[in-house]
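The values are calculated or read from the model by the stated rules, or taken from the named source; none is laboratory data. Remember, predicted model here, so these are calculated numbers, not experimental data. Using ideal geometry, Cβ is built from the backbone for each residue, glycine included, and neighbour counts are taken over all protein chains shown. To get the accessible areas, we keep the full protein, side chains included, count just its heavy atoms, and leave off ligands, DNA and RNA. Shrake-Rupley method; radii C 1.70, N 1.55, O 1.52, S 1.80 Å.
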Amino acid sequence: MDQTTRESFTAVQKNGDGDLTAFQTSAGRVLDYHQALAEVKAGAIAGVNVFKGKDGEMYIRGDADGDPTNNLDQLPHF
């Protein structure tokens, strides 16, 4: 899939600790964290990647592009 056909994340939900818990895609789908993680791993979502944290768990983060306005934490809430 190329950049033009892949969905992107347009909004997020967070829990009381500020952790991301769900994502809304550019197609309007709502994915919980585990669904989103699977789609990012499969390459279906543009602008994000998966990394392994110090705790050994896998996490979603935005691609480093030098633009803080498109960081996942900066996306609107839904």
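Under 9 Å by Cβ, and 6 or more places apart or on different chains, what pairs join a residue from region 52-78 that is closer than 12 Å to LEU37 by Cα with one that is loosely packed, with under 10 Cβ neighbours inside 10 Å?
MET58/PHE51; MET58/LYS52; TYR59/PHE51; TYR59/LYS52; TYR59/GLY53; ILE60/PHE51; ARG61/PHE51
Tell me the residue from ASP17, ASP73 that is part of a helix (DSSP H, G or I) and either under 11 Å from the mean Cα position of the chain (by Cα) or modelled with pLDDT of 95 or more (or both), please. Lay out the reasoning, then the answer.
Working: ASP17 fails: part of a helix (DSSP H, G or I).
Going through ASP17, ASP73 in turn, just one is part of a helix (DSSP H, G or I) and either under 11 Å from the mean Cα position of the chain (by Cα) or modelled with pLDDT of 95 or more (or both): ASP73.
Which members of region 34-65 meet the condition of being open to solvent by less than 80 Å² (accessible area, probe 1.4 Å) and assigned to a loop (DSSP other than H, G, I, E, B)? Quick ask: steps written out before the conclusion?
Looking only at region 34-65, we keep the residues that are open to solvent by less than 80 Å² (accessible area, probe 1.4 Å), and these are 36-40, 43-51, 53, 56, 58-60, 62-63.
Once the filter is applied, which keeps residues that are open to solvent by less than 80 Å² (accessible area, probe 1.4 Å) and assigned to a loop (DSSP other than H, G, I, E, B), region 34-65 yields GLY43, ALA44, ALA46, GLY47, GLY53, GLY56, ASP63.
VAL12 is checked against (1) open to solvent by 30 Å² or more (accessible area, probe 1.4 Å); (2) of a type outside the set (Ser, Thr, Tyr); (3) in contact with an Asp or Glu (Cβ under 9 Å, 6 or more places away or on another chain) and fails just one. What number does that condition carry?
All conditions are met except number (1).
So, of the residues in region 18-33 that are hydrophobic (A, V, I, L, M, F, W, C) and open to solvent by 30 Å² or more (accessible area, probe 1.4 Å), which turns out to be nearest to ILE60 (Cα to Cα)?
Applying the first criterion (hydrophobic (A, V, I, L, M, F, W, C)) to region 18-33 yields 20, 22-23, 27, 30-31.
Then drop every residue that is not open to solvent by 30 Å² or more (accessible area, probe 1.4 Å), which leaves 20, 27, 30.
Working: LEU20: 9, ALA27: 19, VAL30: 15 Å.
By that ranking, first place goes to LEU20.
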